[in-house]
1. Is the shape of the range 1-41 best called rounded, prolate or oblate, per the rule: a/c under 1.5 gives rounded, else a/b larger than b/c gives prolate, else oblate, with a ≥ b ≥ c the square roots of the Cα gyration tensor eigenvalues?
2. When only the heavy atoms of the protein chains count and the probe is 1.4 Å, how do Tyr32, Tyr19 rank by accessible area, highest first?
3. In what sequence, largest accessible area first, do Met80, Met10 appear using a 1.4 Å probe?
4. Suppose every Lys and Arg Cβ carries +1 and every Asp and Glu Cβ carries -1, with no other charges. What dipole size does the range 1-74 come out with about its Cα centre, to the nearest 20 debye?
5. How far apart, in nanometres, would the label points at Phe44 and Val57 be if each is projected 7 angstrom from Cα along the Cα-to-Cβ direction?
6. Taking the simple approach of a point 7 Å from Cα along Cα-to-Cβ for both Leu30 and Cys76, what is their distance in nm?
Amino acid sequence: MGIIKNDQIMWVSLGYLFYSLAYVTTNGVLFYLFKFVIGKPSEFWIAGAVATVIGFVDVTTISNLEPVYSTESALCTRSMLNDFSLYYLYCCADEFDLIDHRISPFQY
(Lines give C-alpha, C1' and ligand atoms only; values in the text may rest on other atoms or scores of the structure.)
Protein backbone atom coordinates (compact mmCIF):
# COMPACT_ATOMS: atom_id res chain seq x y z
CA MET A 1 0.00 0.00 0.00
CA GLY A 2 2.02 2.90 -1.34
CA ILE A 3 -0.50 5.52 -0.29
CA ILE A 4 0.11 4.81 3.41
CA LYS A 5 3.87 5.24 2.99
CA ASN A 6 3.46 8.59 1.19
CA ASP A 7 1.99 10.93 3.81
CA GLN A 8 1.37 13.83 1.43
CA ILE A 9 -0.83 11.82 -0.91
CA MET A 10 -2.56 10.06 1.99
CA TRP A 11 -3.69 13.28 3.70
CA VAL A 12 -4.89 14.88 0.47
CA SER A 13 -6.79 11.71 -0.41
CA LEU A 14 -8.28 11.49 3.07
CA GLY A 15 -9.36 15.14 2.95
CA TYR A 16 -11.01 14.62 -0.45
CA LEU A 17 -12.74 11.49 0.85
CA PHE A 18 -14.26 13.42 3.76
CA TYR A 19 -15.22 16.30 1.46
CA SER A 20 -16.95 13.92 -0.96
CA LEU A 21 -18.75 12.15 1.88
CA ALA A 22 -19.99 15.46 3.30
CA TYR A 23 -21.08 16.66 -0.15
CA VAL A 24 -23.08 13.52 -0.91
CA THR A 25 -24.64 13.48 2.56
CA THR A 26 -25.65 17.13 2.33
CA ASN A 27 -27.27 16.62 -1.07
CA GLY A 28 -29.16 13.57 0.23
CA VAL A 29 -30.54 15.49 3.18
CA LEU A 30 -31.41 18.43 0.92
CA PHE A 31 -33.31 16.15 -1.47
CA TYR A 32 -35.15 14.63 1.52
CA LEU A 33 -36.09 18.18 2.54
CA PHE A 34 -37.39 19.00 -0.93
CA LYS A 35 -39.31 15.74 -1.26
CA PHE A 36 -40.90 15.22 2.15
CA VAL A 37 -40.83 18.58 3.95
CA ILE A 38 -41.35 21.13 1.20
CA GLY A 39 -43.22 18.68 -1.02
CA LYS A 40 -41.72 19.89 -4.29
CA PRO A 41 -39.08 17.37 -5.47
CA SER A 42 -39.30 18.66 -9.05
CA GLU A 43 -37.79 21.96 -7.90
CA PHE A 44 -34.65 20.38 -6.45
CA TRP A 45 -32.65 21.75 -9.38
CA ILE A 46 -33.06 25.24 -7.89
CA ALA A 47 -30.73 24.30 -5.04
CA GLY A 48 -27.99 23.40 -7.51
CA ALA A 49 -28.54 26.54 -9.57
CA VAL A 50 -28.41 28.78 -6.50
CA ALA A 51 -25.24 27.06 -5.25
CA THR A 52 -23.60 27.51 -8.66
CA VAL A 53 -24.45 31.21 -8.86
CA ILE A 54 -23.30 31.82 -5.29
CA GLY A 55 -20.07 29.95 -6.03
CA PHE A 56 -19.33 32.12 -9.08
CA VAL A 57 -20.13 35.33 -7.20
CA ASP A 58 -18.09 34.17 -4.22
CA VAL A 59 -14.99 33.40 -6.26
CA THR A 60 -15.09 36.68 -8.17
CA THR A 61 -15.74 38.87 -5.14
CA ILE A 62 -12.98 37.35 -3.01
CA SER A 63 -10.40 38.00 -5.75
CA ASN A 64 -11.63 41.57 -6.30
CA LEU A 65 -11.79 42.40 -2.58
CA GLU A 66 -8.33 40.99 -1.83
CA PRO A 67 -6.45 44.27 -2.51
CA VAL A 68 -8.89 46.24 -0.36
CA TYR A 69 -9.45 43.85 2.54
CA SER A 70 -7.52 40.98 3.95
CA THR A 71 -8.84 37.52 3.14
CA GLU A 72 -9.94 36.97 6.73
CA SER A 73 -11.80 40.29 6.82
CA ALA A 74 -13.61 39.58 3.56
CA LEU A 75 -14.53 36.08 4.71
CA CYS A 76 -15.83 37.40 8.03
CA THR A 77 -17.88 40.11 6.30
CA ARG A 78 -19.44 37.67 3.84
CA SER A 79 -20.18 35.22 6.65
CA MET A 80 -21.95 37.95 8.61
CA LEU A 81 -23.99 38.97 5.56
CA ASN A 82 -24.91 35.33 5.03
CA ASP A 83 -26.00 35.00 8.65
CA PHE A 84 -28.16 38.12 8.45
CA SER A 85 -29.78 37.00 5.20
CA LEU A 86 -30.54 33.56 6.66
CA TYR A 87 -32.02 35.19 9.76
CA TYR A 88 -34.20 37.40 7.55
CA LEU A 89 -35.31 34.36 5.56
CA TYR A 90 -36.12 32.52 8.78
CA CYS A 91 -38.17 35.43 10.12
CA CYS A 92 -40.10 35.87 6.87
CA ALA A 93 -40.54 32.18 5.96
CA ASP A 94 -44.34 32.36 6.21
CA GLU A 95 -44.49 35.29 3.81
CA PHE A 96 -42.38 33.47 1.20
CA ASP A 97 -44.49 30.29 1.46
CA LEU A 98 -41.41 28.08 1.33
CA ILE A 99 -42.79 25.16 3.29
CA ASP A 100 -46.06 23.41 2.56
CA HIS A 101 -47.34 22.88 6.09
CA ARG A 102 -49.93 20.34 4.96
CA ILE A 103 -47.22 17.79 4.17
CA SER A 104 -45.58 16.08 7.11
CA PRO A 105 -42.59 13.74 6.89
CA PHE A 106 -44.27 11.59 9.55
CA GLN A 107 -47.47 10.85 7.64
CA TYR A 108 -46.13 7.69 6.01
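1. Verdict is prolate for the range 1-41.
2. On the way: Tyr32 110, Tyr19 135 Å².
Output order, biggest surface exposure first: Tyr19, Tyr32.
3. Most to least solvent-accessible, the answer reads Met80, Met10.
4. So the dipole magnitude of the range 1-74 works out to roughly 360 debye.
5. For the pair Phe44/Val57, the computed spacing is 2.5 nm.
6. It works out to 2.8 nm between the two label points.
The values are calculated or read from the model by the stated rules, or taken from the named source; none is laboratory data. Predicted model only: the values in this text are computed from it and were never measured. Cβ: placed from backbone, ideal geometry, glycine included. Neighbour counts: every protein chain shown. Please note that ligands, DNA and RNA were not included when accessible areas were found on the heavy atoms of the full protein model with its side chains. Shrake-Rupley method; radii C 1.70, N 1.55, O 1.52, S 1.80 Å.
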